[in-house]
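Colleague: The structure that follows is given in the form of structure tokens.
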Amino acid sequence: MTYQEAAAYILSIPKFTTKNNPGHTKEFLRYLGNPEKKLKVIHVAGTNGKGSVCAYMDAMLRAQGKSVGLFTSPHLVKMNERIVINGDMISDKTFLEVFGIVRGAVKRMEENHLPHPTFFEFLFCMAVTAFARAGVEYAVLETGLGGRLDATNSVEHPICSVITSIGFDHMELLGDTLEKIAGEKAGILKTGTPVFYVEGEEESNRVIENTVEKLGIPCKKIGKNAYKIFGIQNKHIAFSCINAYYEDIIWKLHNTGIYQPENACLALEVMRYLFGEHGNLSDWKAALERVVWQGRMEEVLPEIYIDGAHNLSAVKRFAESVSVIDKKNQRGKVILFSAVQDKDYHHMIEFLCQHVNAELYVVTQIMDKRAEDITKLADIFRRYTDKPVVEKAVPGDAWKYLLENQNGRSVYCLGSLYLAGMIKELIGKR
């Protein structure tokens, strides 16, 4: 079998069907010889910021001299992006080798009348198999959806649990209140495993704290006043942590997202717990500054940014970041937007029009069966803005139009990580 055939097989597994519960994933792992038990797992859940927090911890762990496996989702261009070992996504050769091992386990499961793993289960088990084969010490695992029923929650004894910002997303699966959503995220908490979480709304905080009390586990909350932002300069955001442990260090991130210091502080607190007085702060500082997390306020070309904001809370944070950037460069703005059908795109668009003063909106349709029709999206934009709204059904045509009509303005592309991936692919071809 070739790499292309292996990738096609995985993509053919239905992604959005009834999930298998973690008990099924545990059985899947047993068929693989329980590779996850060879790893020190840091388990990360949340609505927004999971990928960034994982990337920051991965970078600092490696700066601390540790070997690390990183499992995140989704990928933007290539499936290998989801499985990273010591800073490099796995090669096609390794991907194919691990695929063979995992596919072999699936065949044995099917012979014993066990259900086929889901798309996410398959890739998760490929990841921990790859990590165990490589002999890494730490594995940073990002949940795919929710937490309680996520495949990654089959890991029984992580060394710590992490919960990032919680907001409304995937309500049809996780619930329609912050309490219900937080309950699903808090489902990753386990007896004997400390948790680190970001202070959010009172409703979600209460759910996490009640779960912590019930389990009797150590808990560290990153409060809203845990850091101070100094500003954005030369495409970097600078901040300090309000904690004596970090001395008077000014930390820098290679990102202009105003929300990223919160994610970095959360990652730093995990590192502080793991290494305490043995933490190499200067190395952590250098590592954080080098991290470029794809699709999160990422400047892909001069004054062209892609951001994976695909729910209302993420769009609000995006708007805050743009407001800060505006104070620096005073450029006009253009928005490129697309969304999938199951997102709350109406309120996302309403907020964008009311809080990001763009001169032009371009709407396109991502190449996915869940993509929302651009006419629907454009009609909503026209309801909330009197600025021009241009419809380009094909992402390539929208991208070409943007490049031809940028005219010195800042371009922001958001609404879907699928859109971010398509733009990355278009830039690669260009």
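Colleague: Going by the conditions given, is V362 surrounded by fewer than 21 Cβ atoms within 10 Å (Cβ to Cβ), in contact with a strand residue (DSSP E or B) (Cβ under 8 Å, 6 or more places away or on another chain), in a strand (DSSP E or B) and in contact (Cβ under 8 Å) with a residue 24 or more places away in the chain?
Modeller: On the way: surrounded by fewer than 21 Cβ atoms within 10 Å (Cβ to Cβ): no; in contact with a strand residue (DSSP E or B) (Cβ under 8 Å, 6 or more places away or on another chain): yes; in a strand (DSSP E or B): yes; in contact (Cβ under 8 Å) with a residue 24 or more places away in the chain: yes.
No, not satisfied.
Colleague: Which one of the conditions (1) without any contact (Cβ under 8 Å) to a residue 40 or more places away in the chain; (2) in contact with a helix residue (DSSP H, G or I) (Cβ under 7 Å, 6 or more places away or on another chain); (3) surrounded by fewer than 15 Cβ atoms within 10 Å (Cβ to Cβ) does R290 fail to meet, given that it meets all the rest?
Modeller: (1)
Colleague: Let me ask you something else. Tell me whether the stretch 313-325 contains one or more residues that are small (G, A, S), surrounded by fewer than 15 Cβ atoms within 10 Å (Cβ to Cβ) and farther than 23 Å from A63 by Cβ. First the steps, then the outcome.
Modeller: Going residue by residue through the stretch 313-325, those that are small (G, A, S) are 313-314, 319, 321, 323.
Narrowing the set further to residues that are surrounded by fewer than 15 Cβ atoms within 10 Å (Cβ to Cβ) leaves 323.
From what's left, farther than 23 Å from A63 by Cβ: 323.
So far as the stretch 313-325 goes, yes, one or more of its residues are small (G, A, S), surrounded by fewer than 15 Cβ atoms within 10 Å (Cβ to Cβ) and farther than 23 Å from A63 by Cβ.
Colleague: Here are some residues: G33, G69, G65. Which one is at pLDDT 95 or above, in a loop (DSSP other than H, G, I, E, B) and farther than 19 Å from L268 by Cβ? Break it down stepwise before answering.
Modeller: Working: G69 fails: in a loop (DSSP other than H, G, I, E, B); G65 fails: farther than 19 Å from L268 by Cβ.
The conditions single out G33.
Colleague: Which one is modelled with the highest pLDDT among residues in the stretch 163-173 that are within 17 Å of the chain's Cα centre (by Cα) and among the aliphatic types (A, V, I, L, M)?
Modeller: Going through the stretch 163-173, the residues within 17 Å of the chain's Cα centre (by Cα) turn out to be 163-170.
From the residues that got through so far, the ones that are among the aliphatic types (A, V, I, L, M) too are 163, 166.
Details: I163: 98, I166: 92.
Step by step, filter the stretch 163-173, then rank; the result is I163.
Colleague: While we're looking at this one, here's another question. If I filter the stretch 161-180 for residues that are out of contact with any helix residue (DSSP H, G or I) (no Cβ under 8 Å at 6 or more places or on another chain) and without any contact (Cβ under 8 Å) to a residue 12 or more places away in the chain, do I get at least one hit?
Modeller: Taking every residue of the stretch 161-180 in turn, at least one turns out to be out of contact with any helix residue (DSSP H, G or I) (no Cβ under 8 Å at 6 or more places or on another chain) and without any contact (Cβ under 8 Å) to a residue 12 or more places away in the chain.
Colleague: Just to check your reading of the model, which residue among V77, V136 is surrounded by 15 or more Cβ atoms within 10 Å (Cβ to Cβ), over 19 Å from the mean Cα position of the chain (by Cα) and touching a residue at least 12 places away in the same chain (Cβ under 8 Å)? First the steps, then the outcome.
Modeller: Values: V77 fails: over 19 Å from the mean Cα position of the chain (by Cα).
Matching residue, one of V77, V136: V136.
Colleague: While we're on this one: Could you tell me how many of the residues in the stretch 107-116 are modelled with pLDDT under 95 and either of a type outside the set (A, V, I, L, M, F, W, C) or within 15 Å of L11 (Cβ to Cβ) (or both)?
Modeller: Within the stretch 107-116, residues that are modelled with pLDDT under 95 and either of a type outside the set (A, V, I, L, M, F, W, C) or within 15 Å of L11 (Cβ to Cβ) (or both) number 4.
Colleague: Restricting attention to the stretch 203-218, does a residue exist that is assigned to a loop (DSSP other than H, G, I, E, B) and free of Cβ contacts under 8 Å to residues at least 24 places away in the same chain?
Modeller: Taking the stretch 203-218 as the starting set, the residues that turn out to be assigned to a loop (DSSP other than H, G, I, E, B) are 216-218.
Narrowing the set further to residues that are free of Cβ contacts under 8 Å to residues at least 24 places away in the same chain leaves none.
For the stretch 203-218, residues assigned to a loop (DSSP other than H, G, I, E, B) and free of Cβ contacts under 8 Å to residues at least 24 places away in the same chain: absent.
The values are calculated or read from the model by the stated rules, or taken from the named source; none is laboratory data. Predicted model only: the values in this text are computed from it and were never measured. Neighbour counts run over all protein chains shown; Cβ positions are idealised from the backbone, glycine included.
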